[in-house]
Every structure is written in C-alpha cells, then in structure tokens.
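*Asks:* First, the structure itself, so that you have it in front of you.
The values are calculated or read from the model by the stated rules, or taken from the named source; none is laboratory data. Remember, it's a predicted structure, so these values are computed and weren't measured experimentally. Here the Cβ positions follow ideal geometry from the backbone for every residue, glycine too, while neighbour counts run over all protein chains shown. Protein only, heavy atoms only, side chains kept; ligands, DNA and RNA dropped before computing areas. Shrake-Rupley method; radii C 1.70, N 1.55, O 1.52, S 1.80 Å.
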Amino acid sequence: MAMTQIGSPEVASGASDVIFDSNINSTYKTYIFKIHTMHPSSSGVKFEFQANVSGATGYNEAMITTYFRTYVTDDGGIEEFQFATGDAQSGTAFQPLSHGTCGASDCATSGELWLFNPSNTYYVKHFHSRFSQMGNAAIQDDYAAGFFDVTGAINAVKFKNTSGTFDATITMYGMGE
C-alpha cells in the first residue's frame, strides 16, 4: 500500500512545538509522521507527542503506553537493552518518542510515529514509533507503543521537547483508504 504525503512538510527552526491540526480525518486509516533530524537546543531532552480529540484543546488525552530502548557506545564499551518505566505511562502526559538527545552540533534524532484509525469513534486509537539518535558518543534506538484510551475521533497531533526549542522537518503521510 502506498503512502500519500499530506500537505507540505513542517520545517521547524527554533520551534517550541509543531502541531498538525488539519487533514487528520477519515480519509486514511493510518497516519505516519516522519521526523527528520530533530536537533534540540539543549541536551538531555525528550522528544514527545500528544493528541487532541475533536473539539478538545489541551493535548491531554488518556494513553496507555510502553517504552524501551537499546543503547551502545561508539567504542562498544556499554551495550544495554532497557525497558524504560519512566517513559511508559497510564495517564494524560506527553509520550516520549526519543529520550536524551544531546544538544551538540552533531547530535540529532530521526524516526517515525504511526497512528492507526484516528477517526474511528468506537475503538481506542493505537500507535507505535521508532526513533534512532546519536548523542554523547553513543547510538540509541527508542521504541514506544500504546493506545489513546478514547473513543472520540483524534484530529490533532502535537510534537515538542520536554524543554527548549528544536529544529526538524516533520512530514505527515496517509495510508489505507
């Protein structure tokens, strides 16, 4: 099944957040957000997201999630697989997608978030993501998955860091008519 780019990519430069609040509707069953080279203004931040149900404004929908990561230093000295309990949730906070990207000039994270059937008004809305990042002489691979525990249609998605600003290009695609 082919992906269809929806609108122009959002190019963030020194942005505190990027919001997609149009074109998330029943046209597609799956929405994919591709984040290219997110570079934060400060080190140790989490890149995260939340959504709004149609008519809502707070980006605080209930989620049940899981989060884990793999990690290895450039010299192979530390190798780790970690279930990140602090980044999983049962609540309304923003969900981390990438954890701890450094702010140095050569640090960045890239990845994608998949949101399934957001316009359905009967079932919960599932999502999963995978992000890869380089920072502090290490590579990290981050995985998040879960669902929005709501039956209303989701029509807006917001991306931000836990603090500071960021540069990135974020493109939304639709798939599965």
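*Asks:* When you scan segment 124-177 for strands (runs of 3 or more DSSP E) that lie fully inside it, which ones turn up with 3 or more residues that are at pLDDT below 95?
*Replies:* 125-135, 138-148
*Asks:* Go over the candidates GLY91, GLY44 one by one and state the one that is closer than 25 Å to ILE24 by Cβ and either among the hydroxyl-bearing types (Ser, Thr, Tyr) or within 19 Å of the chain's Cα centre (by Cα) (or both).
*Replies:* One residue alone meets the criteria, GLY91.
*Asks:* Determine which member of the set PHE81, PHE49, PHE33 is of a type in the set (Phe, Trp, Tyr), outside any loop (DSSP other than H, G, I, E, B) and modelled with pLDDT under 95.
*Replies:* PHE81
*Asks:* Any residue at all in segment 97-108 that's under 18 Å from the mean Cα position of the chain (by Cα), part of a strand (DSSP E or B), at pLDDT below 90 and over 20 Å from PHE33 (Cβ atoms)?
*Replies:* yes
*Asks:* When residues of segment 131-164 are filtered for being buried (at least 17 other Cβ atoms within 10 Å of the Cβ) and within 18 Å of VAL18 (Cβ to Cβ), how many remain?
*Replies:* Looking only at that region, the number is 10.
*Asks:* Follow-up. For residues that are open to solvent by less than 70 Å² (accessible area, probe 1.4 Å), assigned to a strand (DSSP E or B) and of a type in the set (Ser, Thr, Tyr), tally how many sit in segment 4-30.
*Replies:* Residues meeting the conditions: 2.
*Asks:* Still on this structure, please answer the following. Can you confirm whether HIS39 is modelled with pLDDT under 90, surrounded by 17 or more Cβ atoms within 10 Å (Cβ to Cβ) and either under 23 Å from SER163 (Cβ atoms) or among the hydroxyl-bearing types (Ser, Thr, Tyr) (or both)?
*Replies:* Working: modelled with pLDDT under 90: no; surrounded by 17 or more Cβ atoms within 10 Å (Cβ to Cβ): yes; either under 23 Å from SER163 (Cβ atoms) or among the hydroxyl-bearing types (Ser, Thr, Tyr) (or both): yes.
Judged against the criteria, HIS39 is not a match.
*Asks:* Step by step: first the residues of segment 86-96, then only those that are open to solvent by less than 40 Å² (accessible area, probe 1.4 Å) and in a strand (DSSP E or B), then the one that is farthest from SER129 (Cα to Cα). Which residue is that?
*Replies:* Ranking the qualifying residues of segment 86-96, first place goes to GLY91.
*Asks:* Hey, another quick one. Among the numbered conditions (1) open to solvent by less than 80 Å² (accessible area, probe 1.4 Å); (2) in a loop (DSSP other than H, G, I, E, B); (3) more than 19 Å from PHE127 (Cβ to Cβ); (4) not basic (Lys, Arg), tell me where TYR71 comes up short.
*Replies:* (2)
*Asks:* Being of a type in the set (A, V, I, L, M, F, W, C), touching a residue at least 40 places away in the same chain (Cβ under 8 Å) and open to solvent by 40 Å² or more (accessible area, probe 1.4 Å) is the requirement here; does MET63 meet it?
*Replies:* Taking the combined requirement at face value, the residue does not satisfy it.
*Asks:* So, one more: Please work out which residue is farthest from ASN23 (Cα to Cα), limiting yourself to segment 100-124 and to residues that are crowded, with 21+ Cβ neighbours inside 10 Å and touching a Gly at 6+ places or on another chain (Cβ under 9 Å).
*Replies:* CYS102
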